[in-house]
Amino acid sequence: MRFRCIAPTAAVCALVLVSSAVQAQSSAALSGQIVDPSKANIVGAKVTLTDLQHGSQRTTTSNDSGIYIFEPVEPGQYSLQIQAKGFAELTLNLIELKVRDRKSLKSELVLESTRSSVTVEGETLGISSDVSVGVAVEENYLRHLPVNGRTVNALTQMAPGIVSGVGPGGELNSNGLRSNTNYYILDGVSYSGGAGLLGGPGGGGGPMMGPALAMGAGGATGLNSPSLDSLEEVRIQTSTFAPEFGRTPGAQISMTSRGGTNALHGSAYDYFRNDKFNANDWFANAAGLDRGAMHQNQFGGTLGGALVKNKTFLFGSADLALRDVPQTVVANVPSLLARNAAPAVLRPYLRAFPLANGPDLDNGAARFTAVTTNPQNRKSYAGRLDHTISPGNVVFARYSFTPSNSDQRGSEFQSPSVMTSQDSKSHSVTGAWIKSVSARTVNDLRINYTSNTLSSSGVMDTFGGAIPLRSAVVFPSGVDTTNGSFNLSVLGLSSYTFGARGGNDQKQLNVVDGLSITAGSHSYKVGFDYRRSSVTNHNVPYNVNATFNGLGPDEGSLLSGTATNVSVSSNVAAVYPQTVNYSAYIQDTWHVSAATTITYGVRWDVNPAPSVSQGERPFAISSFLSNRVTQGEPLYNTRWADFSPRVGFARQIRSTPGKEWMLRGGFGVFHDIGYGTSLGAFSGAPYSNVRTLTLAAFPLFASDLVVPGLPATKPFGRLGAADRSLQSPSIWQWNLTVERSYGPGQVLSVGYAGTRGQKLMRTESQPSFSGDYDLLTLATNGAESSYHALQVQYRRRYVKNLQTQVSYTWSHSIDTASNDLGMGGFATLYDSERGNSDYDVRHNLNVSGSYLLPSPKDSFLSTAFRNWYTDFMFAARAGTSFDIVGVSSTSSAGIGGGGQGLFAQVRPDYNGKIVWLVDDTVPGGQRLNKGAFDSASGYAQGNLGRNALRGLGLTQLDLSIRRRVDIGEHGALHLSVAAMNLLNHPSFANPSRNEGANMTSVNFGISTRTQAGGGFGSLYQSGGPRSLEFVLRYQF
């Protein structure tokens, strides 16, 4: 006789408990306890785990405590069979394991005399007891969400503690930590998405390439983001305490690629947009301009299946995103009056800006607004081959190729008369070998090699009536636009670059190995992680940078004929920076009981100072001679004592089915890689010879433009280096969470999360104390941070026509520096720096989901109205903090050849007047009152606290209506229309310190872009205009 039941009952109790650690970067684990009707442990039961998609099996037996363990296990769908002498055979038909899951089942066997077998139909569900905090987005869920731009980073906002879009690049910040501490993983190895578009191990957007992806949060185009259709799952963890994770302490974004299965499956799709279905941009509307031309055609497909059933599987994907993206550029340019009144020698520099087409402003400036269209193309191809050599002996290989190119006219940092073009290519291959050495020992080896290249070019043209510069005006004899670059930057106005651009290549090798051993109630793991990143920076041989404090008329402004700061440099053709990172860990997951799991262990990270793969070594501060430099020592001494102890626990405190309670928590130490601005050592001597002038006459004298000789000789101009005793930043993290189930598939969790950062990186500037250099930019450990948050999550799997994820965070983030970077050639000046972080957001709410609309029961109407869905993503958050700045200097150098001086951007004094003024004509309806602030006196910060001001919040709803039409037994056609920013509610970024937050700006106190809207057009950014997207997708 065979008895079948639909769900666990008194005869079969199967509680799903997800524990605190996972045993491979992208794998999962399954464990359980087997008891008899009297709750006594059953020893020696045979347990068989079957992969439903690939047909492979693994077998183990229960120990003296009735516990069995399978790990590591590849994410997927499984069935479980338990056999014990004298008891009915138990089969659990469906257990789904996700990336980094650990599930624990408690199963009660019935006597063989009552029935011969018991089968549990449907998926076994329960409460998660994972000590980490975050969300998992599976392929079936992310496939239909209205993800603007279809990038991975757009999904990360679902996780609690994530803040996105604070900077113009749309960076992510997790639990009060810097954006360059996030770590991206694809199939268990470090993901490096594209040279030049990536943040590096030392800093987002820095000169070294590394883990950060080229994916702007909030829906930026993400030219090197992996295709969402090539991914099985994306898991975002903002706190995790397993020692095997956390080369960096920020968010861990783990992606798993899709593979073939025994069943043939695939898809074909097209995502289409056109300007006829878009609202106009707020800034274009305000200037009386029509919306820009726009076209998007993102199409592709996937196909997977078995080459040999139960043995060899193949999966491939292709995704082509062809876009013409509108962008409204708002720039301050010299007015017609200022152009005509300027001395003849300055007019070529003024005429290189577009002609004003808006109102005149103060200090000789006027407004220029235009709507342009920028082409952006990205193609992504990926293939994965899985092969089972023998039971417990599996290999797979994945290859991807992602070429992309883009043009962009103007930006926050470039005049609209400059068109910048970028072309990048990324090749990546990953191989894995997972070998069961014995029934209780598994080794997981993964190797990745990635090659990325980036080339960049720029053209100054006649857009908007601009007159391009001529080489003879800005370059000395023998230099032109093929081997020279001239950059003019006017604070509070705009900037432009004329001439050649550099490029770079990156090659990454990553080897990850983990050995898992189960013994009794313990799961031990030891492993190592090696990563080498080698970069070739292709330099422009000659470069001039001239910075002005406003357009006019004060000294140091462009119209005054003096430059605040000028650097003239000659550079070697190529520099070859290289970083190497080593990590090792040992950990134990102890199944104390069926209700309690503890994970503990220690991680050891060794991160030697950056060096070179070939060529000259960088200069370092000598450890023997004070304030002297040497090439005979590393930039700083290797830190050998970066040990990071961690512990996490999960305790089920109530086991009533459907009403389970779970308590979980953890504490851990993390050491960041800690390169900081020491990577600036590769842009100074001996690779460049930099001549620095302050308050120099402009245009520059011929003597100032003379090409500095190479190799550089002492005293060097600007030099980048690191404090000799530089330490690794240390981050302490902790959380405590209570979680409750509300029936199958519904979980509410409420938790407290905190972080404390010590010895964080910051940049310091020092004048010369020896004859070796003039100015020194130094990476130091002078910063700290703290973060406290209440984090709430509600997760509902597909129950009663609704699937949803809700996350809310109430937090406060404080630090003394929010990034590692310097101030673009300015000195750094610190005084009373403790204040709100740049990414301090007090309230942050994100909701996403899918709802099957009810249909009439009438058979005729049901045919027309059944299978209609609405999919949605909603975000609302409070504003972020920001500074306003002016320029202060140590002294005034004589005009015409320039002395040496230090210039810093400093906060002003606050005089007590009202800060914000109501103004319905500006973005957000308010502007800063310039009369409330006075320039600070002397070379010092003013009394206005750091980040004491707070900008506007963000609200956005993206929603789609979708119809599913079933075709045959396994196929379905999905037709949908999605409205990005359905309510057309603009969300504006804070005024930028390069523009509206600069005391010299004629746009002082006004935002000139939407949230994170600085790079790829506001349609793909939070707060941009409403845009309709039409989707056709066939799935089988």
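The values are calculated or read from the model by the stated rules, or taken from the named source; none is laboratory data. Computed from a prediction, not measured in an experiment: that's the story for all the values here. Neighbour counts are summed over all protein chains in view; Cβ atoms, including those assigned to glycine, are modelled from backbone coordinates with ideal geometry.
Looking at region 763-773, is at least one residue assigned by TED's automatic domain parsing to the domain that holds residue 829, among the acidic types (Asp, Glu) and in a loop (DSSP other than H, G, I, E, B)?
Looking through region 763-773, at least one residue is assigned by TED's automatic domain parsing to the domain that holds residue 829, among the acidic types (Asp, Glu) and in a loop (DSSP other than H, G, I, E, B).
Taken over region 418-433, residues that are surrounded by fewer than 20 Cβ atoms within 10 Å (Cβ to Cβ), among the β-branched types (Val, Ile, Thr) and touching a residue at least 40 places away in the same chain (Cβ under 8 Å) amount to 1.
With respect to residue 649, is the statement that it is in a loop (DSSP other than H, G, I, E, B) and modelled with pLDDT under 95 true? Against the criterion (in a loop (DSSP other than H, G, I, E, B) and modelled with pLDDT under 95), residue 649 does not qualify.
Within region 969-1003, restricting attention to residues that are in contact (Cβ under 8 Å) with a residue 12 or more places away in the chain and more than 32 Å from the chain's Cα centre (by Cα), which residue is farthest from residue 1029 (Cα to Cα)? Per the criteria, the residue is 1000.
Starting from region 400-411, take each residue that is under 21 Å from residue 258 (Cβ atoms) and list its partners that are surrounded by fewer than 21 Cβ atoms within 10 Å (Cβ to Cβ) and among the aromatic types (Phe, Trp, Tyr), counting only C-beta distances under 8 angstrom and pairs at least six apart or across chains. Within 8 Å, the pairs are 400/381; 401/381; 402/381.
Residue-wise test of (1) closer than 17 Å to residue 670 by Cβ; (2) without any contact (Cβ under 8 Å) to a residue 40 or more places away in the chain; (3) assigned to a strand (DSSP E or B); (4) among the hydrophobic types (A, V, I, L, M, F, W, C).
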position: 733; (1), (2), (3), (4): yes, no, yes, no
position: 736; (1), (2), (3), (4): no, no, yes, yes
position: 750; (1), (2), (3), (4): no, no, yes, yes
position: 758; (1), (2), (3), (4): yes, yes, yes, no
position: 780; (1), (2), (3), (4): no, no, yes, no
position: 793; (1), (2), (3), (4): no, no, yes, no
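Among the residues of region 573-586, are any over 33 Å from the mean Cα position of the chain (by Cα) and under 30 Å from residue 664 (Cα atoms)? Looking for residues that are over 33 Å from the mean Cα position of the chain (by Cα) and under 30 Å from residue 664 (Cα atoms), one finds none in region 573-586, hence no.
For region 841-857, taking the residues that are in a loop (DSSP other than H, G, I, E, B) and in contact with a Phe, Trp or Tyr (Cβ under 9 Å, 6 or more places away or on another chain), the one that is farthest from residue 764 (Cα to Cα) is identified as 856. For region 999-1008, the criterion of a residue being part of a strand (DSSP E or B) and in the same structural domain as residue 931 (by TED's automatic domain parsing) is satisfied by no position. Consider residue 640 carefully, then state whether it is touching an Asp or Glu at 6+ places or on another chain (Cβ under 9 Å) and among the aromatic types (Phe, Trp, Tyr). In short, no. Where strands (runs of 3 or more DSSP E) sit wholly within region 246-359, those with at least 2 residues that are touching a His at 6+ places or on another chain (Cβ under 8 Å) occupy 265-274, 295-308, 312-334.
Output the residue which, of all residues in region 442-459 that are surrounded by 21 or more Cβ atoms within 10 Å (Cβ to Cβ) and farther than 17 Å from residue 397 by Cβ, is farthest from the chain's Cα centre (by Cα). Here the residue is 442.
Residue selection: residue 988 satisfies the criterion of being within 17 Å of residue 280 (Cα to Cα) and either of a type in the set (A, V, I, L, M, F, W, C) or touching a strand residue (DSSP E or B) at 6+ places or on another chain (Cβ under 6 Å) (or both).
Each row is one residue, and each column tells you yes or no for (1) in the same structural domain as residue 237 (by TED's automatic domain parsing); (2) more than 31 Å from the chain's Cα centre (by Cα); (3) within 30 Å of residue 646 (Cβ to Cβ); (4) of a type in the set (Ser, Thr, Tyr).
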| residue | (1), (2), (3), (4) |
| --- | --- |
| 690 | yes, yes, no, no |
| 710 | yes, yes, no, no |
| 728 | yes, no, yes, yes |
| 744 | yes, yes, no, no |
| 749 | yes, no, yes, yes |
| 778 | yes, no, no, no |
| 787 | yes, no, yes, yes |
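Here the strands (runs of 3 or more DSSP E) wholly within region 520-634 that include at least 3 residues being closer than 30 Å to residue 243 by Cα, out of contact with any helix residue (DSSP H, G or I) (no Cβ under 8 Å at 6 or more places or on another chain) and in the same structural domain as residue 886 (by TED's automatic domain parsing) are 596-606.
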